[in-house]
1. Looking at (1) crowded, with 22+ Cβ neighbours inside 10 Å; (2) in contact with a strand residue (DSSP E or B) (Cβ under 6 Å, 6 or more places away or on another chain); (3) assigned by TED's automatic domain parsing to the domain that holds A:ASP262, can you tell me which one A:LEU202 breaks?
2. If you check A:ASP26, A:ASP36, A:ASP80, which single one turns out to be loosely packed, with under 15 Cβ neighbours inside 10 Å, within 23 Å of the chain's Cα centre (by Cα) and outside the structural domain of A:PHE265 (by TED's automatic domain parsing)?
3. Which condition from (1) modelled with pLDDT of 95 or more; (2) surrounded by fewer than 21 Cβ atoms within 10 Å (Cβ to Cβ); (3) touching a Pro at 6+ places or on another chain (Cβ under 8 Å) is the one that B:GLY114 breaks?
4. Take segment A:146-177 and flag every residue that is part of a loop (DSSP other than H, G, I, E, B), within 30 Å of A:ILE239 (Cα to Cα) and touching a strand residue (DSSP E or B) at 6+ places or on another chain (Cβ under 7 Å).
5. For B:ARG57, all conditions in the list (1) closer than 29 Å to A:LEU202 by Cα; (2) at pLDDT 95 or above; (3) out of contact with any strand residue (DSSP E or B) (no Cβ under 7 Å at 6 or more places or on another chain); (4) surrounded by 19 or more Cβ atoms within 10 Å (Cβ to Cβ) hold save one; what is the number of the exception?
6. I'd like to know if segment A:270-287 contains one or more residues that are within 30 Å of A:ASP29 (Cα to Cα) and touching a helix residue (DSSP H, G or I) at 6+ places or on another chain (Cβ under 8 Å).
7. Out of curiosity, is A:VAL207 more than 7 Å from chain B (Cβ to nearest Cβ) and either acidic (Asp, Glu) or part of a strand (DSSP E or B) (or both)?
8. Pick from segment A:189-199 the residues that are outside any strand (DSSP E or B) and either among the basic types (Lys, Arg) or facing another protein chain (nearest Cβ under 8 Å) (or both): which of them is surrounded by the fewest Cβ atoms within 10 Å (Cβ to Cβ)?
There are 2 protein chains.
Amino acid sequence: MRSLEDHRAAALALAAPLPAVEVTLDEADGMVLADDLRTDEPLPRWDNSAMDGYAVRHADVAALPVTLRVVADLPAGSADEPVVVPGSAARIMTGAPVPAGADTIVPVELTDAGTTTVLIRDAPAAGTHLRRAGEDAVPGDVVVAAGTLLGPAAVAAVASLGHPTVRVHRRPRVAVVSTGDELVPPGTPLRRGQIPDSNSWLLAAAVREAGGVAVRIGPVPDDVDTLRDLLTGLDVDAIVTSGGVSVGAYDVVKAALIDQPDVEFVAVAVQPGKPQGLGRLPGGTPIYTLPGNPVSSFASFEMFVRPAILRMRGLRDVERPTLLAVADDDWTTPPGRAQLMPVRWVGPDRVARATARGSGSHLVARLALAEGLAVIPAETSRVAAGDRLTVLRVSP
Amino acid sequence: MRSLEDHRAAALALAAPLPAVEVTLDEADGMVLADDLRTDEPLPRWDNSAMDGYAVRHADVAALPVTLRVVADLPAGSADEPVVVPGSAARIMTGAPVPAGADTIVPVELTDAGTTTVLIRDAPAAGTHLRRAGEDAVPGDVVVAAGTLLGPAAVAAVASLGHPTVRVHRRPRVAVVSTGDELVPPGTPLRRGQIPDSNSWLLAAAVREAGGVAVRIGPVPDDVDTLRDLLTGLDVDAIVTSGGVSVGAYDVVKAALIDQPDVEFVAVAVQPGKPQGLGRLPGGTPIYTLPGNPVSSFASFEMFVRPAILRMRGLRDVERPTLLAVADDDWTTPPGRAQLMPVRWVGPDRVARATARGSGSHLVARLALAEGLAVIPAETSRVAAGDRLTVLRVSP
């Protein structure tokens, strides 16, 4: 059996950052910057006022109180370029460029707020309340680095550089295909043996949560030729299937892809999620074939597909942050296989099995309680209450 | 001055969960369930096989090896209802209902995989590899509770209950309006005194990150009547403005709203973000007027607006998870005011100021480095290297 770590590496190796596209700033958040973004100008562009008040020459306010002539009124956005000569001041609002001659801003609260003359009652030290040109960034600085996930603050920084558009990695379009003759769309009356498809929704939501664009297809019946035509005809960046990869007589995904030279089916030393397939279709599209039990699909996506989607988006760190938590009770784990156990928090650093009523990988209702996935190494054969576990936080 | 905590409470009190709407499962993820979702049926609906193999009567496999007659072939999805009589077995795939008479599943790996007769070489204990009806959920169980944020697993649970649609709280439409005569759209050539608007993009991205739908408007010039008409004419669930709320001579937002009986302008004991306004417009729409410096807008949104958006979405827990981290160096904080300091991680539990090159709330380029916001209580007047800080993780 292939180790969990080796299969993770093989899954990730199929993914590469997608080409850059240019998007507007309204579309940019949540995407990943393709190139280092440098500034050509100092930021701020000019010395400007940090307060609403008066721009003065500090020598004029050495002895207080003093009355100065107001020679200009400078709201933010003013293009005026007055000169503050001895004995004068310019009324100035936050953000307005500091006029020539002035070296200090006196906050309005320390004055009588006059508009033709102003009485200065108190004054700060020389140079106070000025924002200096370049104190945020100087020409040549990388303001936002390639590979940065553009959150609100990064988008604002791009805007402040004066860019109406930005080059980011395209989001991957990922097809998710659930297979199985027993599956019907939710809402369809069930006859004996049928169950509602849930995996196509599970995986589509997981693709979106990972920042991809989901193309949900399913449920697809267990017909080998139909499935092969479907999979090889998709125009997407990656494909994820669920079901049909085990040792059963009707394992349709395996049957549809077994002749593909660049697709392999392997047993991975993990529970759930032992039967796995991955590789490339003839056009080069990466495909990940996950087992069909919901908990298996969920855990397999988390382990093998999510990092690949993050890589395609251009992210460098494709791992979830891990937490340490203490197990709330005892359970056994399969010998020689890693275990992926859905857990929920029952204390600040304490987790219990989310699916504790049963133990199987089919427990889709219980899975809704999962907030984390505990990753138990293959060397561990039993978890005891109080053991420290490594947990990936998977709740949204 | 009003305390940070009191202003947070006032901001949150303006928000209530929005009405429920019915959406398809393709639209449901990221939304919040409006009603408890119970199951009317046991899940699984019937005893079914956990393995690909043979359904047998355990008494028939007491002595091994044994050859049994194969009386049925049950793929998943089969509606057949055969009876397994003594001396017989049904070939069965994972998920197929267990036929009458059978009480145990023998995995295919323990057999010769025959289709007319099957040689059983080994057998598990009685009752093994059966998934029992109701072991995931029984009728009446709440499978997904009202107030649950629908992630992939919860959406899958809804699907498994057979619901093609689900009732969720509507996402809030939040208008963001940046004000200031000095602001021009990014890409516009700058004359003296002008800067590119960045706050409307900052706040729009922050609204989306909080799960709202952003209606970005801006930059808007400092014209009181125009702004009042704009703000009172918006058909949205909440409004956020930036700029124009301080003590300056041109504080347009304050001037436009000062006559509104249900809007108040207050000084909050926090740095940055001291000048704040909030309340309701005549139609009842909550409005939050934030100061205009980018770091102030960012921190104010995080403190006052984000929890309100989460509440409108129907979430009960509207707080970010907090982390404890150690300060990497020393800085002073304003006496009697809480401080919100953008920080970045410089070690697993260690943070440095993101804007360390300067100290002002205008440092929009540096702000792009922020991964967290340290919340320093008003009682603290100085942070020393090694101090433990409470940090909100704000990076996406």
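The values are calculated or read from the model by the stated rules, or taken from the named source; none is laboratory data. Predicted model only: the values in this text are computed from it and were never measured. Cβ coordinates were reconstructed from backbone atoms using ideal geometry, including for glycine residues, and neighbour counts include every protein chain displayed.
1. Evaluating A:LEU202 over (1) crowded, with 22+ Cβ neighbours inside 10 Å; (2) in contact with a strand residue (DSSP E or B) (Cβ under 6 Å, 6 or more places away or on another chain); (3) assigned by TED's automatic domain parsing to the domain that holds A:ASP262 leaves (2) as the failure.
2. Working: A:ASP26 fails: loosely packed, with under 15 Cβ neighbours inside 10 Å; A:ASP80 fails: within 23 Å of the chain's Cα centre (by Cα).
After ruling out the rest, the residue left standing is A:ASP36.
3. B:GLY114 satisfies every listed condition except (3).
4. Residues satisfying the conditions are A:ALA146, A:GLY147, A:THR148, A:LEU150, A:ARG170, A:ARG171, A:PRO172.
5. Of everything listed in (1) closer than 29 Å to A:LEU202 by Cα; (2) at pLDDT 95 or above; (3) out of contact with any strand residue (DSSP E or B) (no Cβ under 7 Å at 6 or more places or on another chain); (4) surrounded by 19 or more Cβ atoms within 10 Å (Cβ to Cβ), B:ARG57 misses just condition (1).
6. yes
7. On the way: more than 7 Å from chain B (Cβ to nearest Cβ): yes; either acidic (Asp, Glu) or part of a strand (DSSP E or B) (or both): no.
Answer is no for this residue.
8. Step one: filter segment A:189-199 for residues outside any strand (DSSP E or B), giving A:189-194, A:197-199.
From what's left, either among the basic types (Lys, Arg) or facing another protein chain (nearest Cβ under 8 Å) (or both): A:190-194, A:197-199.
Working: A:LEU190: 13, A:ARG191: 9, A:ARG192: 13, A:GLY193: 21, A:GLN194: 21, A:ASP197: 27, A:SER198: 29, A:ASN199: 32.
Checking each candidate, the answer is A:ARG191.
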